[in-house]
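Just so it is clear, none of the values below were taken in a lab; they were calculated from the coordinates. All figures in this text were calculated on a predicted structure; none of them were measured in a lab. With ideal geometry, Cβ positions are generated from the backbone for all residues, glycine too; neighbour counts draw on all protein chains shown.
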Amino acid sequence: MNKFQLLLSQIDCLDELMTAKLENERAMMNDQFFAQIVSTHQKVSLAEKNVDVKNTCSPMDSELE
């Protein structure tokens, strides 16, 4: 294997590593985003149950009236 082929194989390997790293970071960001959504939903639901907040789109609204 000459130096040119070695360099190309190293570039291919680096490309695969960078692609995997980007995919991993994207997945981690998605997980954090969905965890925040779930947490916010739980807080709003708890506030509705405590009648701190009234959400007119919520099924809890019909129970309060």
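Determine the sum of side-chain charges near Q10: Lys and Arg each +1, Asp and Glu each -1, restricted to other residues whose C-beta is under 15 angstrom from that of Q10. After counting each charged neighbour, the total is -2. Charged neighbours of D31, selected by a Cβ distance under 15 Å, balance to -1 (K, R count +1; D, E count -1).
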